[in-house]
Amino acid sequence: MKKLMATGVVPGVRDVGRQVFPLAALQRLQARPAADLSVLGRAEVAVLRSDAPARVDEADREWIGFGTALDEAQLLAALSGWWRCDPARVAAGGVLPVTVAGFVVAVLTGLTEWESDGTAGTTGRYRFPKARLGGYLTDLTAPANAADPADPEDARLARLLLGTRLASVSGGPIAYVTTRPTADTADEGEPA
């Protein structure tokens, strides 16, 4: 809840004095559907598990993380990289859903090229300089794409993913999720 509150994606949240998370907003979030990744036509997709925006002192961006107070250019720069990841594996998914607290709040596409920070092995970090912001939300309780993507495929992916629930587990910001449910998870239903 604190991550959702810090990103500004849930209207009506009060974080001054006594914290208030509106009941109607909570009920809408509980009703959000799970992402149907099977329609992506890939075996796996990477997921960027984002935090609230934080200022950084870097040449190519001022912020990292997701927040509704960032404009579209700041948001794209904040989300397009310098993560520990397998860049070929990220690119193979064709799309990078960005989640905050398990909800898709942004969608990156155009991940075909990447740059390394020059560090070899598992300590290396990568960014995707040609990434496009296919979509992002300013209100998770009434999801509507705040971007106007020029590419119809970007718009389609954003429609499919924005506002959905997407569980992922990772020790870092990038997680890899299979797009086809296994027999075990299909029988158990969606995790809470």
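The values are calculated or read from the model by the stated rules, or taken from the named source; none is laboratory data. Computed from a prediction, not measured in an experiment: that's the story for all the values here. Because the Cβ atoms are built from the backbone with ideal geometry, glycine has one as well, and the counts that use them run over all protein chains shown. Heavy atoms of the whole protein, side chains included, go into the accessibility calculation; ligands, DNA and RNA do not. Shrake-Rupley method; radii C 1.70, N 1.55, O 1.52, S 1.80 Å.
Computed values, structure above
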{"item": "Spherically averaged projected area of segment 53-95 from its Cα convex hull (nm²)", "result": "3.5"}
{"item": "Listed residues 135, 81, 118, most fluctuating in the chain (Gaussian network, C-alpha, under 10 Å)", "result": "118"}
{"item": "222 nm mean residue ellipticity, helices alone, for the chain (DSSP H n ≥ 4; -39,500 (n - 2.57); rounded to 500)", "result": "-6000 deg cm²/dmol"}
{"item": "Exposure rule at most 13 other beta-carbon atoms within 10 Å, DSSP loop trypsin sites (Lys or Arg not before Pro): the chain longest free segment", "result": "19-129"}
{"item": "Exposure ranking of 105, 56 by accessible area [1.4 Å probe, largest first]", "result": "56, 105"}
{"item": "The chain, relative contact order in percent, only Cα pairs under 8 angstrom and at least six apart counted", "result": "25"}
{"item": "Charge dipole magnitude, Cβ of K and R +1, D and E -1 - segment 64-142, Cα centre, debye nearest 20", "result": "200"}
{"item": "Directionally averaged shadow of segment 21-99, computed from the convex hull of its alpha-carbon atoms, nm²", "result": "7.0"}
{"item": "Kyte-Doolittle mean at least 1.0 and Cα axial length at least 15 Å: DSSP H helices in the chain", "result": "none"}
